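Trainee: Please see the structure below; I have some questions.
The values are calculated or read from the model by the stated rules, or taken from the named source; none is laboratory data. Being a predicted model, the structure only gives us computed values, none of them experimental. Here the Cβ positions follow ideal geometry from the backbone for every residue, glycine too, while neighbour counts run over all protein chains shown.
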Amino acid sequence: MAHTVTLIPGEGIGPEVSHAARRILDASGAQLRWEEVSARAEMERRGQGYLAAEAITSVERNGYALKGPMATAVAAGPPSINVGLRKALDLYANLRPVKNLPGVRSRFEGVDLVIVRENTEDLYSGIEHEVVPGVVESLKIITEKASTRIARFAFELARRDGRKRLAAVHKANIMKQSDGLFLECVRTVSRSYSEIEYREVIVDNACMQLVLNPSQFEVLVMPNLYGDVVSDLCAGLVGGLGLVPSGNIGEKAALFEAVHGTAPDIAGQGIANPTAIVLSGVMMLRHMGEAAAAQRVQGAVERVYREARCVPHDLGGRATTAQFTEAVIGAMG
Ligand code: NAI
């Protein structure tokens, strides 16, 4: 069956890695048609700041998107386009699997965990204002509806994938009401999944536990901001941001992207590692029901790393984006 996928190339290294991913996915055997759109509207500032309406309608129409990273100005400028897309499409679950790749040397072996990040609220609501000069207020929104929905998603994922342990990550000792509500919702949902061992970990301790012994975790569910921070930390456990994929999942659409950003320090040099967005593409193929094509790409990426003949720059090698792409396509046979 053919699938039409919205391709948002993104910015910085985005076009380099997303076009590499497109070539690799096209060689996977899945029938993919690509609809390329820009997510940044140059002239319009409708509803979602600078987010292009065309990008939203394209993903709504196709149901699937593969996206390169988009830049967001620090401490000024319009709201994040990345956050805008997730909110506009109600992509409420941000799924970030973190797993060692065979052949990639990293600080830990045996890491195989999934971060399930709530994707629509928390401090990412972007509701901020200056109360008086020198004092600003930023609102953290936590709702029972979104917390229960993400908790159920996380437990269902654990059950489906045969994962036995789930931890809720929070700071309810300080934010007693907001994180308290989040925790209460996860706790309530946990009672319907007696086969899954449930625990609660305060976010600062969770970070220490992750860098001491990441294998103790299988599924971690948490509010938006902690999910953002903890997923970069987890990327570091298995070799860095060049490797870790993600999926933003909603009821009507799903958008897949690397965890990393636009990497302005290496953009335009042709040396970015496309693995993270390629593995995001693998997640997308699985989500479409194209399991064989997904396995073909995953297997080829693993073979290239295992043979260690084509190692990208971020992992200490000399392979360019183009050389790595050719090697993966070649390894598909
Ligand atoms: P970043 O992830 O772009 O870069 C952090 C470091 O990791 C840099 O040294 C970079 O060279 C390296 N890196 C990242 N991806 C790599 C890859 N595929 N291959 C090799 N090296 C790679 O984080 P940074 O610098 O904090 O953010 C830059 C911009 O990206 C910001 O405007 C930020 O808002 C945006 N961003 C966008 C995201 C998205 O579109 N989902 C996610 C994260 C950041």
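Trainee: Quick one: which strands (runs of 3 or more DSSP E) lie wholly within segment 1-101 and hold at least 2 residues that are basic (Lys, Arg)? Reasoning before the result, please.
Mentor: Values: elements: 2-8, 31-36, 64-67, 93-99.
Answer list for segment 1-101: 93-99.
Trainee: Anything in segment 81-122 that is surrounded by fewer than 22 Cβ atoms within 10 Å (Cβ to Cβ), over 20 Å from ILE56 (Cα atoms) and among the acidic types (Asp, Glu)? List them, or say none.
Mentor: Scanning segment 81-122 gives GLU109, ASP112.
Trainee: Hey, among the residues in segment 281-296 that are touching a residue at least 60 places away in the same chain (Cβ under 8 Å) and farther than 30 Å from THR57 by Cβ, which one's surrounded by the most Cβ atoms within 10 Å (Cβ to Cβ)?
Mentor: Residue satisfying both the conditions and the ranking: ARG296.
Trainee: Do we find a residue being away from the ligand (no atom under 16 Å from the Cβ), surrounded by 22 or more Cβ atoms within 10 Å (Cβ to Cβ) and among the hydrophobic types (A, V, I, L, M, F, W, C) anywhere in segment 222-241?
Mentor: Applying the first criterion (away from the ligand (no atom under 16 Å from the Cβ)) to segment 222-241 yields 222-223.
Checking which are surrounded by 22 or more Cβ atoms within 10 Å (Cβ to Cβ) leaves us with 222-223.
Next, from what is left, pick out any that are among the hydrophobic types (A, V, I, L, M, F, W, C): 222.
Yes, the conditions are met somewhere in segment 222-241.
Trainee: Residues ARG296, ARG303, ARG309: which one is modelled with pLDDT under 95 and more than 11 Å from the ligand (Cβ to nearest atom)? It would help to see each step written out before you state the result.
Mentor: Working: ARG296 fails: modelled with pLDDT under 95; ARG303 fails: modelled with pLDDT under 95.
Sole residue among the options that is modelled with pLDDT under 95 and more than 11 Å from the ligand (Cβ to nearest atom): ARG309.
Trainee: For VAL304, indicate whether it is in the same structural domain as HIS3 (by TED's automatic domain parsing) and closer than 26 Å to VAL59 by Cβ.
Mentor: Details: in the same structural domain as HIS3 (by TED's automatic domain parsing): yes; closer than 26 Å to VAL59 by Cβ: no.
Answer is no for this residue.
Trainee: Would it be correct to say that GLU218 is away from the ligand (no atom under 16 Å from the Cβ) and touching a Leu at 6+ places or on another chain (Cβ under 7 Å)?
Mentor: On the way: away from the ligand (no atom under 16 Å from the Cβ): yes; touching a Leu at 6+ places or on another chain (Cβ under 7 Å): yes.
Considered against the rule, which asks whether it is away from the ligand (no atom under 16 Å from the Cβ) and touching a Leu at 6+ places or on another chain (Cβ under 7 Å), GLU218 comes out as yes.
Trainee: Something else: Counting only residues that are of a type in the set (A, V, I, L, M), surrounded by 19 or more Cβ atoms within 10 Å (Cβ to Cβ) and under 12 Å from GLU200 (Cβ atoms), how many does segment 157-176 have?
Mentor: Summing the residues that are of a type in the set (A, V, I, L, M), surrounded by 19 or more Cβ atoms within 10 Å (Cβ to Cβ) and under 12 Å from GLU200 (Cβ atoms) in segment 157-176 gives 4.
Trainee: Enumerate the pairs (first residue in segment 207-225 and over 27 Å from THR120 (Cα atoms); second residue anywhere and not acidic (Asp, Glu)) with beta-carbon separation below 7 Å, excluding pairs fewer than 6 apart on the same chain, so at least 6 apart or on different chains.
Mentor: Taking only residues 6 or more apart or on different chains, the pairs are SER215/GLY110; SER215/VAL111; GLN216/GLN209.
Trainee: Still on this model: Looking only at segment 115-160, how many residues end up being closer than 19 Å to GLY250 by Cα and assigned to a loop (DSSP other than H, G, I, E, B)?
Mentor: Residues meeting the conditions: 5.
Trainee: Shifting gears a bit: Which one of VAL259, VAL328, VAL278 is aliphatic (A, V, I, L, M), in contact (Cβ under 8 Å) with a residue 60 or more places away in the chain, more than 24 Å from ASN62 (Cβ to Cβ) and surrounded by 17 or more Cβ atoms within 10 Å (Cβ to Cβ)? Working first, answer last.
Mentor: Values: VAL259 fails: more than 24 Å from ASN62 (Cβ to Cβ); VAL278 fails: more than 24 Å from ASN62 (Cβ to Cβ).
Going through VAL259, VAL328, VAL278 in turn, the sole match is VAL328.
Trainee: Just give me the residues in segment 212-244 being in a helix (DSSP H, G or I) and under 30 Å from GLY270 (Cα atoms), in sequence order. So that I can check it myself, show each step before the final result.
Mentor: Taking segment 212-244 first, the residues in a helix (DSSP H, G or I) are 212, 214-216, 224-237.
The answer is GLY227, ASP228, VAL229, VAL230, SER231, ASP232, LEU233, CYS234, ALA235, GLY236, LEU237.
Trainee: Report yes if some residue within segment 57-71 is within 30 Å of SER178 (Cα to Cα) and either free of Cβ contacts under 8 Å to residues at least 40 places away in the same chain or outside the structural domain of VAL259 (by TED's automatic domain parsing) (or both); otherwise report no. Spell out how you get there, then give the answer.
Mentor: Step one: list which residues in segment 57-71 are within 30 Å of SER178 (Cα to Cα), which gives 69-71.
If we keep only those that are either free of Cβ contacts under 8 Å to residues at least 40 places away in the same chain or outside the structural domain of VAL259 (by TED's automatic domain parsing) (or both) too, we end up with none.
Within segment 57-71, none of the residues are within 30 Å of SER178 (Cα to Cα) and either free of Cβ contacts under 8 Å to residues at least 40 places away in the same chain or outside the structural domain of VAL259 (by TED's automatic domain parsing) (or both).
Trainee: Further, regarding this structure: Out of segment 297-311, which residues are within 21 Å of the chain's Cα centre (by Cα) and surrounded by 21 or more Cβ atoms within 10 Å (Cβ to Cβ)? Let's see the steps before the verdict.
Mentor: Looking only at segment 297-311, we keep the residues that are within 21 Å of the chain's Cα centre (by Cα), and these are 297-299, 301-302.
Once the filter is applied, which keeps residues that are within 21 Å of the chain's Cα centre (by Cα) and surrounded by 21 or more Cβ atoms within 10 Å (Cβ to Cβ), segment 297-311 yields VAL297, VAL301.
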